[in-house]
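Shown next, in structure tokens, is the structure this report addresses.
The values are calculated or read from the model by the stated rules, or taken from the named source; none is laboratory data. Computed from a prediction, not measured in an experiment: that's the story for all the values here. Glycine gets a Cβ as well: all are built from the backbone with ideal geometry, and neighbour counts include every protein chain shown. For accessibility, only protein heavy atoms count, side chains too; no ligands or nucleic acids. Shrake-Rupley method; radii C 1.70, N 1.55, O 1.52, S 1.80 Å.
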Amino acid sequence: NGTLLHRLLFEDKNRIYTADKLCLLPSLAQRAEQAQQKTLTLMEQGLQRSQSFGKGAQFYAQEQQYEIAAFMVHQGIELLCRNLILAVTAQEMKTHCIKEKLERCRMFLPALYLLATDKDNKDISPLVLQLDKAYSCARYSLHYQIEAADIQEALTLLDKMQGMVQTFIMNCSNGQNEQEQDRVDLPSESIKQPIIDAPSVLPITDSYKYS
């Protein structure tokens, strides 16, 4: 009857908002913080893997296997760009062309793109185009060759890019820490809405997946 139904519905253990096992969704501020942390982690992973390929490229350059070294440099630059793009835009670029990935990075980190341009800062440098060629030719072509001087230039380019990305990550991390400190300093009675001042380069989403 009605009385029994009323009792079942309104017993404390059956109330949705007072149930012991209730799991409320994180606040918008908490979700933003989690997404920012995932973004930083993704960029750091890209940097670490790029540095590993850089070490491999140096090894093969010392062994005078310049074609393999060129392939390793290409992979180092590609991973830097791939993880940056994925972290900032939450989109995966399904290409191995570092020219295209650098052009995408130009939207949010133009200084990285400029490192890869020619002397007039107008077009992508021939070196980058040569590294794109090395991605396939170094593995499959018996006639592909690259000079030692070009490899040294490529290694220098990779090192500069890695340094720039490392600075970019540090700036993003410092911005996140400042936001957290601002929240701590605010009196509790003044907080009416979640405070989100995420850096513009950090997407407030965790919907993307990455390998």
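Points worth noting:
The rows are residues; the columns are (1) touching a residue at least 40 places away in the same chain (Cβ under 8 Å); (2) surrounded by fewer than 17 Cβ atoms within 10 Å (Cβ to Cβ).
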{"position": "Tyr60", "(1), (2)": "no, no"}
{"position": "Gln65", "(1), (2)": "no, yes"}
{"position": "Gly76", "(1), (2)": "yes, no"}
{"position": "Cys81", "(1), (2)": "no, no"}
{"position": "Ile85", "(1), (2)": "no, no"}
{"position": "Gln91", "(1), (2)": "yes, yes"}
{"position": "Lys94", "(1), (2)": "no, yes"}
{"position": "Arg104", "(1), (2)": "no, no"}
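- Within region 108-148, the set of residues being at pLDDT below 90 and β-branched (Val, Ile, Thr) is empty.
- When Gln30 is tested against the conditions (1) under 25 Å from Ile98 (Cα atoms); (2) at pLDDT below 95; (3) surrounded by fewer than 20 Cβ atoms within 10 Å (Cβ to Cβ), the lone failure is (1).
- Residue in region 172-181 that is part of a helix (DSSP H, G or I), open to solvent by 70 Å² or more (accessible area, probe 1.4 Å), more than 18 Å from Tyr60 (Cα to Cα) and at pLDDT 95 or above present: no
- Some residue of region 201-210 being of a type in the set (Asp, Glu), at pLDDT 70 or above and open to solvent by 30 Å² or more (accessible area, probe 1.4 Å): no
- Check on Gln166, open to solvent by 40 Å² or more (accessible area, probe 1.4 Å), of a type outside the set (A, V, I, L, M), in a helix (DSSP H, G or I) and out of contact with any Lys or Arg (no Cβ under 6 Å at 6 or more places or on another chain): yes
- Residue tally, condition in contact (Cβ under 8 Å) with a residue 24 or more places away in the chain, of a type outside the set (Gly, Ala, Ser) and more than 20 Å from His96 (Cβ to Cβ), over region 113-152: 3
- Residue among Ala116, Ala87 that is in contact with a strand residue (DSSP E or B) (Cβ under 9 Å, 6 or more places away or on another chain) and either among the aliphatic types (A, V, I, L, M) or within 19 Å of Arg49 (Cα to Cα) (or both): Ala116
- Screening Tyr140 with (1) in contact with a Pro (Cβ under 9 Å, 6 or more places away or on another chain); (2) open to solvent by 50 Å² or more (accessible area, probe 1.4 Å) gives one miss only, at (1).
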